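Below: one structure, written as structure tokens.
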Amino acid sequence: MSSILTNSSAMNALATLKDVNRGLNQTQDRVSTGLKVASGKDNAAYFAVSETMKGDSGMFKAINEGMTATKNSVATARLGAETVSDIAQQIVERVAFAQTDGVDRADVQLEIAALVKNMGTAIEQATFNGDNLVSDDTTDVTVVNGVTRTAGDSNNEFGATTFVFKGVNLDAIKTAFEAIDVSVAEDNDDTTKDSLSDKLAAAETQLAASITAATSLGITENALEGQMEFIDSLTDTLNSGVSSMVDADMEEEAARLQAYQVQQQLATQSLSIANQAPQNILSLFR
């Protein structure tokens with residue numbers, strides 16, 4: 001039955017065109033934003049999870065930045081400790097040389113004093129951004145190196161994980177070397193030889209302490225670097241996970257966009273044909 005009041009074909013064609021336009025608009029939004037889930041209305045579950053993961057990724061980035069500053073401080077302190085250790089080795093060699101009969105120990109002491117001065121300069125310069133990790137080995141240094149998320153019944157609880165280490169006391173090593181004076185000894189004196197031997201032992205003790213300090217800082221630096229590498233990888237994994245949930249597949253969207261454009265043209269043509277149907281009724285009255 002044909003009717004001039006109700007055009008079922010046009011109504012169906014219009015509904016099809018609206019559906020096509022809706023899909024086309026959605027696809028254009030995905031192409032323009034690069035996202036298939038841009039808000040909760042697109043996919044509530046994916047949106048909630050992705051936002052949580054984005055927050056975690058941001059926290060890990062902030063933690064890594066904080067650890068970078070600490071690692072640089074430790075690296076600077078380690079370089080200072082290694083320099084002190086090198087100088088300590090030279091001092092030990094000079095004290096050992098002073099054990100030899102006939103050596104001008106006053107000149108040797110001048111060399112030792114110059115080396116101790118260089119050691120002090122290295123200690124003073126082993127500071128990064130105001131952080132001094134080379135003058136106190138009793139205070140704990142704490143740096144946040146991660147976060148934990150514990151799922152609860154009604155919400156998520158956060159916690160911070162920390163890495164704790166101690167600085168080193170290079171000033172104490174320098175002070176101990178300052179106390180070593182080989183110039184006061186006299187040749188061919190058993191007491192003097194015992195004294196020089198004790199001073200060599202004392203110098204070797206401080207050399208061992210400087211090596212321990214450099215090693216300790218090296219271990220700390222390596223631990224921080226390892227955790228930072230893990231956080232980098234974890235952040236990349238989180239970002240990849242978010243991408244897989246919310247990013248649009250551009251190849252797929254490009255193909256879908258072309259399909260919708262063709263469907264739009266066909267639906268528009270179909271609606272045009274359907275709208276002309278009532279005009280055909282006029283021919284019945286001619």
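Name the single residue, out of those in the range 89-123 being small (G, A, S) and farther than 30 Å from V134 by Cα, that is modelled with the highest pLDDT.
Filtering the range 89-123 down to residues small (G, A, S) leaves 96, 98, 102, 106, 113-114, 120, 122.
From the residues that got through so far, the ones that are farther than 30 Å from V134 by Cα too are 102, 106.
Values: G102: 83, A106: 92.
Once the filter is applied, the top-ranked residue is A106.
Could you tell me which of the residues T205, T212 is modelled with pLDDT of 95 or more, closer than 30 Å to T68 by Cα and open to solvent by 50 Å² or more (accessible area, probe 1.4 Å)?
Values: T205 fails: closer than 30 Å to T68 by Cα.
Criteria check complete, one pass: T212.
Could you say which residue among A172, A185 is more than 27 Å from the chain's Cα centre (by Cα), modelled with pLDDT of 90 or more, of a type in the set (A, V, I, L, M) and surrounded by 11 or more Cβ atoms within 10 Å (Cβ to Cβ)? Even if it seems obvious, please write down each step before you answer.
Values: A185 fails: modelled with pLDDT of 90 or more.
Of A172, A185, the one residue that is more than 27 Å from the chain's Cα centre (by Cα), modelled with pLDDT of 90 or more, of a type in the set (A, V, I, L, M) and surrounded by 11 or more Cβ atoms within 10 Å (Cβ to Cβ) is A172.
Kindly list, by first and then second residue, each pair from a residue in the range 117-129 that is within 15 Å of I173 (Cα to Cα) to a residue that is open to solvent by 60 Å² or more (accessible area, probe 1.4 Å) and not in a strand (DSSP E or B), limited to pairs with Cβ atoms under 7 Å and residues at least 6 apart or on different chains.
I123/D171; A126/L79
Could you grab me the full set of residues in the range 217-236 that are more than 11 Å from F163 (Cβ to Cβ) and either surrounded by 14 or more Cβ atoms within 10 Å (Cβ to Cβ) or polar (S, T, N, Q) (or both)? First the steps, then the outcome.
The initial filter retains those residues of the range 217-236 that are more than 11 Å from F163 (Cβ to Cβ), namely 217-219, 221-222, 225, 229-236.
Answer for the range 217-236, where residues must be more than 11 Å from F163 (Cβ to Cβ) and either surrounded by 14 or more Cβ atoms within 10 Å (Cβ to Cβ) or polar (S, T, N, Q) (or both): L217, G218, E221, N222, E225, F230, I231, S233, L234, T235.
Criterion first (out of contact with any His (no Cβ under 7 Å at 6 or more places or on another chain) and at pLDDT 95 or above) does T76 satisfy it? Give the derivation first.
Working: out of contact with any His (no Cβ under 7 Å at 6 or more places or on another chain): yes; at pLDDT 95 or above: yes.
The answer is yes for T76.
Does N7 fit the bill of being open to solvent by less than 50 Å² (accessible area, probe 1.4 Å), modelled with pLDDT of 90 or more and not aliphatic (A, V, I, L, M)? So that I can check it myself, show each step before the final result.
On the way: open to solvent by less than 50 Å² (accessible area, probe 1.4 Å): yes; modelled with pLDDT of 90 or more: no; not aliphatic (A, V, I, L, M): yes.
So N7 does not fit the description; no.
This table checks each residue for (1) under 30 Å from I219 (Cα atoms); (2) touching a Pro at 6+ places or on another chain (Cβ under 8 Å); (3) outside any helix (DSSP H, G or I); (4) open to solvent by 60 Å² or more (accessible area, probe 1.4 Å).
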| residue | (1), (2), (3), (4) |
| --- | --- |
| G40 | no, no, yes, no |
| A45 | no, no, no, yes |
| S57 | yes, no, no, no |
| G66 | yes, no, no, no |
| V84 | yes, no, no, no |
| D101 | no, no, yes, yes |
| Q109 | no, no, no, no |
| A113 | no, no, no, no |
| A122 | yes, no, no, no |
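Whether any residue in the range 130-153 is at pLDDT 90 or above, part of a strand (DSSP E or B) and among the basic types (K, R) is what I want to check.
no
The values are calculated or read from the model by the stated rules, or taken from the named source; none is laboratory data. In this text, all values refer to a predicted model and were calculated from it rather than measured experimentally. Note that we place each Cβ from the backbone using ideal geometry, even for glycine, and neighbour counts take in every protein chain shown. Areas reflect the complete protein model, heavy atoms only, side chains present, ligands, DNA and RNA absent. Shrake-Rupley method; radii C 1.70, N 1.55, O 1.52, S 1.80 Å.
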